[in-house]
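Visitor: Here you go, one structure.
The values are calculated or read from the model by the stated rules, or taken from the named source; none is laboratory data. Remember, it's a predicted structure, so these values are computed and weren't measured experimentally. All Cβ positions, even for glycine, are placed from backbone atoms using ideal geometry, and neighbour counts span all protein chains on display. In case anyone asks, the SASA skips ligands and DNA or RNA and just uses the protein heavy atoms, side chains included. Shrake-Rupley method; radii C 1.70, N 1.55, O 1.52, S 1.80 Å.
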Amino acid sequence: QKEVEQDPGPLSVPEGAIVSLNCTYSNSAFQYFMWYRQYSRKGPELLMYTYSSGNKEDGRFTAQVDKSSKYISLFIRDSQPSDSATYLCAMSGGAQKLVFGQGTRLTINP
Amino acid sequence: GAVVSQHPSWVICKSGTSVKIECRSLDFQATTMFWYRQFPKQSLMLMATSNEGSKATYEQGVEKDKFLINHASLTLSTLTVTSAHPEDSSFYICSARTLSSYNEQFFGPGTRLTVL
């Protein structure tokens, strides 16, 4: 079993829809949770960074962490075609290494 | 802020040759840099962790004699793929961690290596 599980998709939604992306994990030592966006042939871009449980909002993006269920989510409101990318969850337990999910390929259709 | 650059962005080389990839933190000092490789439609796989002034720590299964990492300054790390073979063709991405952001990593744009 992988430490971090993420549905690779692909996920295709119409423009303006609310997108929900999720990851589950097995290591209860994880404390830091991140979401990265990666466009094709580009490096990942940090979108959201959350410590421990709770919600964090930044513009159209909301990150949620439920440590009791070992489940994290990223919500995108009013999705735009420019949001089409691969979204990677990543987490760590305070050590230096990040553990990444497989990434979910998202397409927003105009 | 927190910009990381990589050079070159893509490279094609012949089998048996060596290729050097540079990773620079442009507007901050990076005590730690990380090197990843990514195959098509797959996630990032950590190859090694590099701390300035010390030897890199390699992940299990990564040949340290094949993937030479140097981190000579707080703004520059290099990855040299020695005696490259076609199976080394991949997307190589570096990231850097700032002094103040313990767990945040900022990624470079990646280098696409094709070995013929």
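Visitor: Give me the one-decimal nm value for the distance between modelled label points at B:LYS20 and A:ASN22, 7 Å along each residue's Cα-to-Cβ direction.
Guide: 4.9
Visitor: Counting DSSP beta bridges in chain A, what percent are antiparallel, to the nearest 5? Please report the intermediate quantities before stating the final value.
Guide: Numbers: 37 of 41 bridges.
Here the share of antiparallel DSSP bridges comes out near 90 percent.
Visitor: Pop the C-beta distance of B:ARG112 and A:ASN109 into the FRET formula with R0 = 22 Å and round what comes out to the nearest 0.05. Each step should come with its number before you reach the end.
Guide: Numbers: r = 28 Å, r/R0 = 1.27.
Rounded to the nearest 0.05, the efficiency is 0.20.
Visitor: Could you tell me what percent of the accessible area of segment A:1-102 is made up of carbon and sulfur, with a 1.4 Å probe and every protein chain present?
Guide: Details: 2270 of 4890 Å².
That fraction is 47 percent.
Visitor: In whole angstrom, note down how far apart the Cα centers of segment A:1-52 and segment B:32-47 are.
Guide: Using only Cα atoms to place each centre, the spacing works out to 15 Å.
Visitor: Oh, and also: Considering only protein heavy atoms and a probe of 1.4 Å, how much of the accessible area of chain B is carbon and sulfur, as a whole percent? Don't skip to the end; give the middle numbers.
Guide: Details: 3030 of 5620 Å².
With neighbouring chains kept in place, the figure for chain B is 54 percent.
Visitor: Using the heavy atoms of the protein chains and a 1.4 angstrom probe, tell me the accessible area per residue for segment B:13-68 in square angstrom. Provide the component values of the computation, followed by the final result.
Guide: Details: 3170 Å² over 56 residues.
So segment B:13-68 comes to 57 Å² accessible per residue, rounded to a whole number.
Visitor: Using a 10 Å cut-off around each Cβ of peptide A:34-47, what is the average number of partner chain Cβ atoms that fall inside? Don't skip to the end; give the middle numbers.
Guide: Details: counts 3, 0, 4, 0, 6, 1, 0, 6, 7, 16, 12, 3, 7, 0.
Averaged over the peptide's residues, the number is 5.
Visitor: Calculate the FRET efficiency for B:ASP27 and A:ASP78 from the Cβ-Cβ distance with a Förster distance of 30 Å, rounded to the nearest 0.05. Show your work: numbers first, answer last.
Guide: On the way: r = 31 Å, r/R0 = 1.05.
For B:ASP27 and A:ASP78, the calculated efficiency is 0.45.
Visitor: At a probe radius of 1.4 Å, what is the per-residue accessible area of A:ARG60, in Å² to the nearest 10?
Guide: 70
Visitor: What's the FRET efficiency of B:ASN70 with A:LYS97 using the Cβ-Cβ distance as r and R₀ = 25 Å, to the nearest 0.05? Don't jump to the answer; show the numbers that get you there.
Guide: Details: r = 20 Å, r/R0 = 0.80.
Efficiency, rounded to the nearest 0.05: 0.80.
Visitor: Using Stokes-Einstein with the Kirkwood hydrodynamic radius over Cα pairs, what translational diffusion coefficient do you get for the protein assembly as shown at 37 °C and a viscosity of 0.692 mPa s, in µm²/s rounded to a whole number? Could the numbers behind the result be given before it?
Guide: Working: Rh = 18.1 Å.
Translational D for this selection: 181 µm²/s.
Visitor: Separate question: For segment A:62-110, which residues drop by 30 square angstrom or more in accessible area between the chain on its own and all protein chains together (1.4 Å probe)?
Guide: Listed in order, they are A:GLY94, A:GLN96, A:LYS97, A:LEU98, A:PHE100, A:GLN102, A:ARG105.
Visitor: Given an 8 Å cut-off on Cα distances and at least 6 residues of separation, report the relative contact order of chain A as a percent.
Guide: Across chain A, relative contact order equals 37 percent.
Visitor: Can I ask one more? What accessible area, summed over both chains, is buried at the A-B interface (1.4 Å probe, Å², nearest 100)? Let's see the in-between values first.
Guide: Numbers: alone 6160 and 6490 Å², together 10910 Å².
Buried area (both sides, nearest 100 Å²): 1700 Å².
Visitor: Please compute the per residue accessible area over chain A with all protein chains in place, 1.4 Å probe, rounded to a whole number of Å².
Guide: Details: 5290 Å² over 110 residues.
For chain A, the per-residue accessible area is 48 Å².
Visitor: For B:SER90, what accessible area in Å² do you get when you roll a 1.4 Å probe over the heavy atoms of the protein chains, rounding to the nearest 10?
Guide: 10
Visitor: Moving on. Pick out which of B:SER95, B:SER43, B:SER25 has the largest mean-square fluctuation in a Gaussian network model of chain B, springs linking Cα atoms closer than 10 Å.
Guide: B:SER43
Visitor: With the contact rule set at Cα under 8 Å and sequence spacing of 6 or more, what percent relative contact order holds for chain B?
Guide: On the way: 297 pairs, mean separation 42.3, N = 116.
Computed over chain B, the figure is 36 percent.
Visitor: A further question on this structure: Scan around B:SER90 for amide H atoms under 5 Å from its own, H built in the peptide plane at 1.01 Å from N, and keep only partners 5 or more places away or cross-chain.
Guide: B:LEU113
Visitor: Averaged over all directions, how much area does the convex hull of the C-alpha atoms of chain A cover when projected, in nm²?
Guide: Working: hull surface 26.5 nm².
Average projection, Cα convex hull of chain A: 6.6 nm².
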